[in-house]
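Take a look at the structure below.
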């Protein structure tokens with residue numbers, strides 16, 4: 001669907017699929033302690049799939065807008081963050097999350113002036129810290 005040009009529709013479908021799959025993973029993780037038949041290996045496999053779905057969401061959202069100023073930055077960063085959450089050893093997710101935070105700071109830098117608000121500085125510092133963590 002994405003390749004054929006139905007980009008918004010594809011992204012919406014991926015969001016729904018990912019939300020459903022992540023709920024299933026959460027339920028199975030909870031059931032792990034209550035039901036002996038729940039496999040840790042399957043949960044790990046599905047968690048990696050959820051991570052890849054969130055990663056793809058971030059990529060697609062980033063591609064839909066031309067620059068950081070016109071993008072929904074928080075949605076993109078959150079998708080990349082969730083990719084690191086569901087697969088905490090996946091280098092590509094961490095690297096991309098860090099670079100995305102760096103890009104937000106780099107995009108904001110030319111807009112600095114003497115009257116920058118404390119709230120804006122605090123938000124930018126958070127992005128700097130997250131870029132370093134990534």
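The values are calculated or read from the model by the stated rules, or taken from the named source; none is laboratory data. Because the structure is a prediction, the values reported are computed rather than measured. Virtual Cβ from ideal backbone geometry, glycine too; neighbours counted across all protein chains shown.
Quick notes on this structure:
- Taking every residue in the stretch 21-39 that is closer than 17 Å to residue 49 by Cα and pairing it with any residue that is surrounded by 13 or more Cβ atoms within 10 Å (Cβ to Cβ) and at pLDDT 70 or above, at least 6 positions away or on another chain, the pairs with Cβ-Cβ distances below 6 Å are 21/50; 22/50; 25/46; 25/47; 25/50; 28/43; 29/43.
- Residues in the stretch 57-72 that are surrounded by 17 or more Cβ atoms within 10 Å (Cβ to Cβ) and touching a helix residue (DSSP H, G or I) at 6+ places or on another chain (Cβ under 6 Å) were compared, and the one that is modelled with the lowest pLDDT is 62.
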